[in-house]
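Enquirer: Structure below; questions to follow.
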Amino acid sequence: MPARTEKTLEDLFHDGLKDIYYAERQLLKALPKLAKGAESPDLKAAFEKHRDETEGHVERLQQVFEIFGKRAQGKTCPAIDGIVEEGQEIMEEFKGSKALDAGLISAGQAAEHYEITRYGTLKRWAQELGMADAAKLLDQTLAEEVKTDQALTQLAETAANRKAA
Ligand SMILES: [Fe+2]
Ligand SMILES: [Fe+2]
C-alpha cells in the first residue's frame, strides 16, 4: 500500500530539528537543577559550564532553522522528558547519600548521549541536503556534547564512583 503522503529527507530533518530544539530547552532548565543537586564543586562547575554552552546550542539551532528557511519551533520529545525525569528521581532518591554524584553524572551522560546521537544524524542529513553551513553549526554543538560527556566520565572515574563504592 502506498504511503498517504510522500515524506522526504527534508521532513525528517525538520522533525529532528524540532525534537532537539525542544530537548535543548528542557536541558536549559534541567542543568541548573543538576548543578544545585551535585555535592562536588567540580561536578557543580561542570553542569554550570554546560548550561552556558547549552544557551549557545539553542542559538545555533535558531541559525540552522533560519538556513533551512523555517521558523524555530520545538516539538515535545518524550525521550528527553524521560531522561530528565530519571535524573530528577535519582536526585530525590539519592539525596544525602554518598552515591548521589555518581547518579547525577549518569543522568547527565544519558542526556549527552541522546544529544550526540541526534546531532550526529542531523549533521549528516544537513550535508546530504547541501546545507554545509548548517552542518558546520551542528558539528560545533556535537563537539561540545562529546567534550562534556568526556568531562563527566573523567569526574566519575576520578571521584564520584570511588566515593559511592
Ligand atoms: Fe546541547
Ligand atoms: Fe549537552
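Read-outs: derived from the displayed coordinates by stated rules, not from any lab. What you are looking at is a predicted structure, and each value in this text was computed from that prediction instead of being measured. All Cβ positions, glycine included, derive from the backbone under ideal geometry; neighbour counts span all protein chains shown.
Enquirer: Gln73 versus Lys98, label points 7 Å from Cα toward the beta carbon: distance in nm?
Expert: Roughly 5.2 nm, to one decimal.
Enquirer: Separate question: Output the relative contact order of the stretch 40-109, whole-number percent, from Cα pairs under 8 angstrom with separation of 6+ residues.
Expert: About 25 percent, as a whole number.
Enquirer: Would you mind finding the longest exposed-site-free stretch of the chain, with exposed trypsin sites (Lys or Arg not before Pro) meaning DSSP loop and at most 15 other Cβ atoms within 10 Å?
Expert: Answer from the scan: 99-165.
Enquirer: Just want the ordering: Asp19, Asp42, from fewest to most Cβ atoms lying within 10 Å of their own Cβ.
Expert: Asp42, Asp19
Enquirer: Moving on. Return the distance in nm (one decimal) between the two label points of a simple spin-label model at Glu53 and Lys36, each offset 7 Å from Cα along Cα→Cβ.
Expert: Going by the 7 Å Cα→Cβ label model, 2.3 nm.
Enquirer: Cβ under 14 Å from Arg162's Cβ, Arg162 left aside: what net charge do those residues give with Lys, Arg +1 and Asp, Glu -1?
Expert: -2
Enquirer: Starting from the stretch 112-165, pick out the GluC sites (Glu not before Pro) whose DSSP state is loop and whose Cβ has at most 14 other Cβ atoms within 10 Å.
Expert: none
Enquirer: First check a/c for the stretch 77-165, with a ≥ b ≥ c the square roots of the eigenvalues of its C-alpha gyration tensor; if it is under 1.5, answer rounded, and if not, answer prolate when a/b is larger than b/c or oblate otherwise.
Expert: oblate
Enquirer: Also, quick follow-up: State the extension gain, in nm to one decimal, for the chain segment bounded by Ala132 and Thr158, taking 0.36 nm per residue of separation less the distance between their alpha-carbons.
Expert: Separation in residues times 0.36 nm, less the Cα-Cα distance, equals 5.5 nm.
Enquirer: If we count other beta carbons within 10 Å of each Cβ, what is the order of Tyr22, Tyr119, fewest first?
Expert: Lowest count first: Tyr22, Tyr119.
Enquirer: Another question, if that's okay. Does the stretch 1-99 come out rounded, prolate or oblate by the C-alpha gyration tensor, with a ≥ b ≥ c the root eigenvalues, rounded set by a/c under 1.5 and, if not, prolate when a/b is larger than b/c and oblate if not?
Expert: Verdict is oblate for the stretch 1-99.
Enquirer: Follow-up question, since we're still on this one. On a 0 to 90° scale, report how tilted helix 41-68 is relative to the longest principal axis of the chain, with both axes built from alpha carbons and the result rounded to the nearest 10.
Expert: Once rounded, one gets 10 degrees.
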